[in-house]
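The values are calculated or read from the model by the stated rules, or taken from the named source; none is laboratory data. For clarity, every value in this text was computed on a predicted model and none was experimentally measured. We place every Cβ from the backbone using ideal geometry, glycine too, and count neighbours over all the protein chains shown. All accessible areas refer to the heavy atoms of the entire protein, side chains included, with ligands and DNA or RNA removed. Shrake-Rupley method; radii C 1.70, N 1.55, O 1.52, S 1.80 Å.
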Amino acid sequence: MGTPSDHAPLAERVEELLAAGGPLAIVAAGDPVLRRPAEPYDGQLDPALFARFVEALRVTMRAAPGVGLAAPQVGVELRIAVIEDPAPVPEEVRLARGRVPQPFRVLVNPSCEPAGDARAAFFEGCLSVPGYQAVVARAARVRLTARDEHGRALDEVFTGWPARIVQHETDHLDGVLYLDRAEPRSLSSNQAAAERWAQPTPEAAARALGFPLP
Ligand code: ZN
């Protein structure tokens, strides 16, 4: 909303961010930008700048590497996120977690709501909370509404790991971090998670660390 002059500072900041080229710096937990609801995107960036910004999000997500990245994670308070998951995991993990490949997608002004009561709990991590993972129970199915990068309406049901990714990224746009929803006793360093909790499901972790599963 507002006049073009209201939008100038944001567009200028994005221009500055993109000027260096290459992956953008990812903001870490503790920065208030990760705790404020982002503004709905309604053309604050002109089409060429928007396209360059989305490309920078893609490059940054791939370089990290991660399976999703929300604009506030690079310090831009707009409701824009990208997701992509090549899902290079063993078959048993793919089956247990529903971690199927997810092509590159741009989500503009996404919103998601649970589709059914089923919950799924798995370890997840966040590029803005480096070094740790924790178990989060989330809706197993969600209905996502959004716009794509061309302004076309999206209305889709996501299941499995892609459902987790879209919930995680939509949370970022609301100022929510996955830790807010995690089982605190599941918190594990990446090293501990890799050495001890690489099983397809977190049941052994739940028993050993003492946290509930749905
Ligand atoms: Zn995250």
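Data table
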read-out	value
By average C-beta atoms within 10 angstrom, highest first, the peptides 100-111, 193-204	100-111, 193-204
C-alpha long axis of helix 160-173 to longest principal axis of the chain, angle in °	50
The stretch 100-121-the stretch 168-214 distance, computed between alpha-carbon centres (Å)	18
Protein accessible area in the chain, 1.4 Å probe - carbon and sulfur %	54
Global form of the chain, assessed from the alpha-carbon gyration tensor, a/c cut-off 1.5	prolate
Cβ charges +1 (Lys, Arg) and -1 (Asp, Glu), total dipole of the stretch 10-209, debye	580
Sum of -39500 (n - 2.57) over DSSP H runs of 4+, divided by residues of the chain (222 nm, nearest 500)	-9500 deg cm²/dmol
Sites Asp46 and Ser111, calculated FRET efficiency, Cβ-Cβ separation with R0 30 Å, nearest 0.05	0.75
1.4 Å probe accessible area per residue over the stretch 10-209, in Å²	47
Given charges at Cβ of Lys, Arg, Asp, Glu: the stretch 10-209 dipole, positive-most of Val27, Pro200, Ala140	Pro200
Distance (nanometres) between label positions extended 7 Å along Cα→Cβ at Arg35 and Arg196	2.9
Extension gain from Ala208 to Glu156, taking 0.36 nm per residue of separation minus the Cα-Cα distance	15.0 nm
Potential extension, Arg119-Glu12 segment - 0.36 nm per residue separation minus Cα distance	34.3 nm
GNM result for the chain, Cα springs below 10 Å: residue of Gly21, Gly66, Gly175 fluctuating most strongly	Gly21
